[in-house]
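Here the structure is laid out as C-alpha cells; the discussion comes afterwards.
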Amino acid sequence: DVAQAQDSTTVKSDTSWTKDIYLGVGKQDANEKDGKKYPRTYGGITFTRIDWGFSRLSDNGSFTLSEGNQFLSYKKASNFGFDIAQIGLRFNDQFKVYLSTGFEWNYWRLKQNVLLLENVSPLSYDELYESNNYSKNVFTSAYLRVPLSFEWRSRQLHNGERIKIAFGAMTGILLKGTQRLKSDAGGKQKFKDTYNLQTFQYGPFIRIGYDDFGLFAKYYVNDLFEKSPAQEGVRNLAFGLTLGF
C-alpha cells in the first residue's frame, strides 16, 4: 500500500504543471535544465530586453521623405525601450511563449526649425525664426509597449551558453508626445501633446542573440500619425542592440 501511494504521488507530480513566479530584477525562467517538469508557467517583475538603437522613418516605402513631409526630416533618430513585467509558459527546454510589458521611446532630432502645433488636427507646424539660432529641436514619442513573444533557444553549447531567436507582435499604447527646443533667444523649451501620434501602434519584431546580448528589429505596420492624411504612409522602423535577452 505504501509503495502504491508513492507511485500515485510520483505520477501526479509528473503530470502537473509547476509554477515559477518571482519578484526581482533581471531574473528570468531557469536558463539551464534544473529537473523541473514541463510545461511550466513563470512571470513577475523584471528589468530586461533593453533595446537601444536607431529609428528610421519610411514614407510609402521610401526612406526619403516626400516634399510634404520634409518638416519631419531629421539629423539623428534613436529608439530606446525595456520590459518591466512578464508572464509566460515554457513548453520545454528550448521553446517558450510570453507576454510582457514595458516602455518605449523614439527620438527624432529634427533638421528644420519647426514648432509642431498643439491641440491641432491634422498635424501642423509653424516655422521658427532662423535668427534665434536653434541648437536643439527634438521630437519624442513615448509608448507603453506590450509584446507577445515566441522564443526558441538552442541546446547548451560547449561553454554552457545558447543561441536564441525570438519573434512576435509588438504593440504600443501612446503615453505622450514631446518636443524640446533650445535656442539663444528662448533658452530651453518643452511642449507636450499627442501631436496626432498613433494611439495604438503594432507590428512584427525579431531578436537574435547569444547569451544575454542580441540584435533586434521592429517595424510598425500602421502609420506613425493618425487623422493626418498628408502623413499617410509615414511609418517607423527601429533596429539595434538588445541587452538581457
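The values are calculated or read from the model by the stated rules, or taken from the named source; none is laboratory data. Here the structure is a predicted model, which means the values were calculated and not measured. Methodologically, a virtual Cβ is constructed for each residue, glycine included, from the backbone with ideal geometry; neighbour enumeration extends over all protein chains shown. Surface areas here come from the heavy atoms of the whole protein model, side chains and all, with no ligands, DNA or RNA. Shrake-Rupley method; radii C 1.70, N 1.55, O 1.52, S 1.80 Å.
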message: Please verify whether F95 is closer than 27 Å to L157 by Cα and either surrounded by 19 or more Cβ atoms within 10 Å (Cβ to Cβ) or hydrophobic (A, V, I, L, M, F, W, C) (or both), treating the condition exactly as stated.
response: yes
- request: Report, ordered by the first and then the second residue, all pairs with beta carbons closer than 6 Å, sequence separation of six or more or different chains, a first member in the stretch 199-214 that is within 15 Å of G168 (Cβ to Cβ), and a second member that is open to solvent by 70 Å² or more (accessible area, probe 1.4 Å) and at pLDDT 95 or above.
  value: G203/Y219; I206/F167; I208/L215; G214/I208
- prompt: Is it true that some residue in the stretch 130-137 is surrounded by fewer than 16 Cβ atoms within 10 Å (Cβ to Cβ) and either in contact with a Phe, Trp or Tyr (Cβ under 9 Å, 6 or more places away or on another chain) or within 16 Å of S55 (Cβ to Cβ) (or both)?
  reply: no
message: I'd like to check something: does the stretch 149-160 contain any residue that is within 28 Å of S228 (Cβ to Cβ) and open to solvent by less than 70 Å² (accessible area, probe 1.4 Å)?
response: no
- prompt: When you scan the stretch 185-203, how many residues do you find that are out of contact with any helix residue (DSSP H, G or I) (no Cβ under 6 Å at 6 or more places or on another chain), open to solvent by 20 Å² or more (accessible area, probe 1.4 Å) and of a type outside the set (K, R)?
  reply: 10
- prompt: What about I50, is it at pLDDT below 95, at negative phi, out of contact with any helix residue (DSSP H, G or I) (no Cβ under 6 Å at 6 or more places or on another chain) and of a type in the set (A, V, I, L, M, F, W, C)?
  reply: no
- prompt: Counting residues that are under 21 Å from the mean Cα position of the chain (by Cα) and under 17 Å from V97 (Cα atoms), which strands (runs of 3 or more DSSP E) fully inside the stretch 161-227 reach at least 2?
  reply: 163-183, 200-210
task: Can you work out which of the residues in the stretch 41-63 that are farther than 27 Å from V234 by Cβ and polar (S, T, N, Q) is surrounded by the fewest Cβ atoms within 10 Å (Cβ to Cβ)?
output: T41
- line: Here the qualifying pairs (Cβ atoms under 6 Å; residues six or more apart or on different chains; first in the stretch 232-244 and part of a loop (DSSP other than H, G, I, E, B); second open to solvent by 80 Å² or more (accessible area, probe 1.4 Å)) come out as G233/N60
message: So in the stretch 187-212, with the set limited to residues that are over 17 Å from L116 (Cα atoms) and in contact with an Asp or Glu (Cβ under 7 Å, 6 or more places away or on another chain), which one is modelled with the highest pLDDT?
response: T199
- request: Considering each residue of the stretch 219-231, count those that are touching a residue at least 60 places away in the same chain (Cβ under 8 Å) and open to solvent by less than 50 Å² (accessible area, probe 1.4 Å), and give that number.
  value: 4
